[in-house]
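**Q** Just passing along the structure, written as structure tokens.
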Amino acid sequence: MSAAMEKSRDQILTPAERLDWLRLIRSDNVGPITFYKLMERFGTAGAALAALPDLARNGGRKGRLKVATQAAAEREMEALDAIGARLVGRGEPDYPPLLAHIEDAPPLLSILGHAHLLAKKAIAVVGARNSSVNGLGFAEKISRDLGLGRGGQGGLLVVSGMARGIDAAAHRGALATGTVAVVGGGIDVVYPKENAGLYDQLRAEGVIVSEIAPGTQPQARHFPRRNRLISGISRGVVVVEASPRSGSLITARMALEQGREVFAVPGAAVDPRARGTNHLIRQGAILTESAEDVFESLNSASDTRFEDTKAIDFKEFLPTAPDPDAVGAARDTIKKSLSAAPTSVDEIIRNCQCSHPVVSWVLLEMELAGRLERHPGNKISMILN
């Protein structure tokens, strides 16, 4: 987002704007990054919704693009209201402040429970589902200690994913001081079922968040998206136990990409659940034996990168659309420069010798047509059929 587009932090969406934002993010091929690019280009979600079919058609889409209807968005809002949840937009006061710093921050989050907790400084505690008794005990203790703070210093909000094992232990340890569960399905879906009691406690004493529509059952593809939110809300991620291929290591990698600290609890070499955390330590993660290690590291780190992100006024700095003839002339050249391997957008601009607005427009068309995938670091790749 350009600095010129930043205004005061406290933006409040009108009911009509919130509905349009929801329709836009629920439409086919519109992820968070595409959402923001559309908003930057058209100024309002309503204008972007009207432009979607033509953009997708120009990008090469054969069938009709599915645009979320107003009725579907209203049903989702009603489902949230029925359980006491609500939608909070990026830039609104209850949106987690650090999460707004990541490039693919959800435009809207469903929030259930005590939303005021999200304003606290946060630390994630994650780990293996198939955890050891010692691991469970450690996760619960360190989460309790992180929540209590030290020497008069305020405690931290403990973030985790409500999975069985370490996640559940972390939530239990921090219930009294504040904990948030980021779930991989709809905010009204309890997963796993064995955590139904924990879900009720989180709802009553903590807070639950999700970017996924209510009623959606968790699927494997949802969990990497969930993990980026766990790390994005937090100043750092503590990994207690993790196998070499665990989702906790994905969360740690995302934390590094987002500029967060990574803490790892060492374990016995013979325990496969320690291989992931020991590997993280070899790679430079902070060896963590107590909450004191976390406090010491966070206190010595600069907080300037975590200053509040301001709300974005998309309408005030609306750019001029590129010349249609220039876009038409550049389409084939830009498409030929793409492959299945992720490529930097800046590199495409240099190779094609086209202006940034023209390249951005063509890539937006292709993405809405379902022919393009975005990757971290402003990279894209062609989706090969």
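The values are calculated or read from the model by the stated rules, or taken from the named source; none is laboratory data. For clarity, every value in this text was computed on a predicted model and none was experimentally measured. Using ideal geometry, Cβ is built from the backbone for each residue, glycine included, and neighbour counts are taken over all protein chains shown.
**Q** Only residues that are within 18 Å of A326 (Cα to Cα), among the charged types (D, E, K, R) and surrounded by fewer than 17 Cβ atoms within 10 Å (Cβ to Cβ): list them for segment 340-371, please.
**A** R350
**Q** Among the residues of segment 252-279 satisfying the criterion of being surrounded by 17 or more Cβ atoms within 10 Å (Cβ to Cβ) and of a type in the set (V, I, T), which is nearest to N299 (Cα to Cα)?
**A** That would be V262.
**Q** Next up: So K310 fits all but one of (1) assigned to a loop (DSSP other than H, G, I, E, B); (2) at pLDDT 60 or above; what number is the exception?
**A** Only one criterion in (1) assigned to a loop (DSSP other than H, G, I, E, B); (2) at pLDDT 60 or above is unmet by K310, namely (2).
**Q** Another question about this same structure. Going through segment 25-42 one residue at a time, which ones are touching a Lys or Arg at 6+ places or on another chain (Cβ under 6 Å) and either at pLDDT below 95 or surrounded by 18 or more Cβ atoms within 10 Å (Cβ to Cβ) (or both)?
**A** Scanning segment 25-42 gives a single hit, I33.
**Q** Would you pick out the residues in segment 85-123 that are assigned to a strand (DSSP E or B) and either within 19 Å of I212 (Cβ to Cβ) or not hydrophobic (A, V, I, L, M, F, W, C) (or both)?
**A** R86, L87, V88, G89, L108, L109, S110, I111, L112, G113
**Q** Among (1) assigned by TED's automatic domain parsing to the domain that holds G232; (2) buried (at least 18 other Cβ atoms within 10 Å of the Cβ), where does P106 come up short?
**A** (1)
**Q** Restricting to segment 132-147, name every residue that is free of Cβ contacts under 8 Å to residues at least 60 places away in the same chain and in contact with a helix residue (DSSP H, G or I) (Cβ under 9 Å, 6 or more places away or on another chain).
**A** Those that are free of Cβ contacts under 8 Å to residues at least 60 places away in the same chain and in contact with a helix residue (DSSP H, G or I) (Cβ under 9 Å, 6 or more places away or on another chain): L136, G137, E140, K141, S143, R144, G147.
**Q** Another question about this same structure. Could you identify the single residue in K121, K141 that is under 25 Å from the mean Cα position of the chain (by Cα) and farther than 30 Å from A73 by Cβ?
**A** Just one listed residue meets the conditions, K121.
**Q** Moving to a separate point now. With the requirement that a residue be of a type in the set (S, T, N, Q), modelled with pLDDT of 95 or more and surrounded by fewer than 18 Cβ atoms within 10 Å (Cβ to Cβ), what does segment 284-297 give you?
**A** If the condition is that a residue be of a type in the set (S, T, N, Q), modelled with pLDDT of 95 or more and surrounded by fewer than 18 Cβ atoms within 10 Å (Cβ to Cβ), then S290 is the only one that fits.
**Q** Applying the selection to segment 50-61, what residues are surrounded by fewer than 20 Cβ atoms within 10 Å (Cβ to Cβ), of a type outside the set (S, T, N, Q) and in a helix (DSSP H, G or I)?
**A** Residues satisfying the conditions are A50, A51, P53, D54, R57.
**Q** Now a separate question. Exactly one condition in (1) over 30 Å from Q201 (Cβ atoms); (2) within 17 Å of the chain's Cα centre (by Cα); (3) basic (K, R) is not met by R90; state its number.
**A** (1)
**Q** Can you find a residue in segment 266-287 that is touching a His at 6+ places or on another chain (Cβ under 9 Å) and over 16 Å from V125 (Cα atoms)?
**A** no
**Q** Here's something else I'd like to know. When you go through (1) crowded, with 19+ Cβ neighbours inside 10 Å; (2) without any contact (Cβ under 8 Å) to a residue 60 or more places away in the chain; (3) not in a helix (DSSP H, G or I) one by one for L249, which number turns out not to apply?
**A** Of the numbered conditions (1) crowded, with 19+ Cβ neighbours inside 10 Å; (2) without any contact (Cβ under 8 Å) to a residue 60 or more places away in the chain; (3) not in a helix (DSSP H, G or I), the odd one out for L249 is (3).
**Q** Let me ask something else. Going by what's in this entry, would N134 be described as assigned by TED's automatic domain parsing to the domain that holds S234, assigned to a loop (DSSP other than H, G, I, E, B), surrounded by fewer than 20 Cβ atoms within 10 Å (Cβ to Cβ) and more than 23 Å from the chain's Cα centre (by Cα)?
**A** no
**Q** Shifting gears a bit: Kindly indicate which of A71, A51 is in contact (Cβ under 8 Å) with a residue 12 or more places away in the chain and either within 18 Å of G161 (Cα to Cα) or not assigned by TED's automatic domain parsing to the domain that holds E365 (or both).
**A** A51
**Q** Of the residues in segment 358-376, how many are charged (D, E, K, R) and either closer than 15 Å to K62 by Cβ or without any contact (Cβ under 8 Å) to a residue 60 or more places away in the chain (or both)?
**A** Final tally of qualifying residues: 3.
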